[in-house]
Amino acid sequence: MHRVKGQQCARLSEPSFTSGSGRQATNRSRRETDSYQSSGRKKVRRSGRATRPKTLVWIDDYEPGLPVYQALAESLGFRVLTASSGRSGLELLLSHRVDAVVVDYEMPVMNGEAVAKLIKTNWPELPVILFSGSSLLPRRVKHVVDAVCDKAGSRDALLSAIQRVLATKDHQRPPSPVVASGHQQVA
């Protein structure tokens, strides 16, 4: 299995998360049916069957930015669910089939590290990308998440990180890294 820089493989025998409503999610398959069509575009497998777009949960307390991030990711073929707090993001994970999570670091009440730890405790295989404008990230945070992206970085660097964590999750060969100005970019 290809590893993404900073990837952690924490595993618990019986993970669970209790939401504020008292619902409990255990290590379940999360095969809920989603009735979402991505802007009329469907991805098609070689067999000719349509596949669902990969679903991202995007968690950021800066609410005016969420529609921008959602539009960006949807223009790249992803389905995006947004949340303006760690708790509401975790609740989305309880009720939707999700392929990866993008989370901001600096948030009130529950920061990105706390959200990532809860995700990895309850859904160890679910990739988490820390997407932050903070230059003061504690080193320990990088060991909890699967990738770290700078908000000031390029769209290509973000897309590359998303593709890498999804490829790792799906046990595929990750795409080649983005090369800009003769230097390899690391997301």
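Every read-out reported here was derived from the displayed coordinates using simple, explicitly stated rules and does not represent laboratory data. Quick caveat: nothing in here was measured; it's all calculated off a predicted structure. Cβ: placed from backbone, ideal geometry, glycine included. Neighbour counts: every protein chain shown.
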> Has the range 138-152 got any residue that is of a type in the set (Gly, Ala, Ser), surrounded by fewer than 21 Cβ atoms within 10 Å (Cβ to Cβ), in a loop (DSSP other than H, G, I, E, B) and out of contact with any strand residue (DSSP E or B) (no Cβ under 9 Å at 6 or more places or on another chain)?
Replying inline: yes
> Quick check, is GLU125 surrounded by fewer than 17 Cβ atoms within 10 Å (Cβ to Cβ), closer than 19 Å to VAL145 by Cβ and either out of contact with any Ser or Thr (no Cβ under 7 Å at 6 or more places or on another chain) or of a type in the set (Phe, Trp, Tyr) (or both)?
Replying inline: yes
>> Of everything in the range 58-98, what is part of a loop (DSSP other than H, G, I, E, B) and either surrounded by 20 or more Cβ atoms within 10 Å (Cβ to Cβ) or hydroxyl-bearing (Ser, Thr, Tyr) (or both)? Give them in sequence order.
In response: ASP60, TYR62, PHE78, SER84, SER85, VAL98
> Quick one: what pairs do we get from the range 96-122, first residue within 16 Å of ARG140 (Cα to Cα), second in a loop (DSSP other than H, G, I, E, B) and among the small types (Gly, Ala, Ser), C-beta under 6 Å, 6+ apart or different chains?
Replying inline: TYR105/SER134; GLU106/SER134; LYS120/ALA10
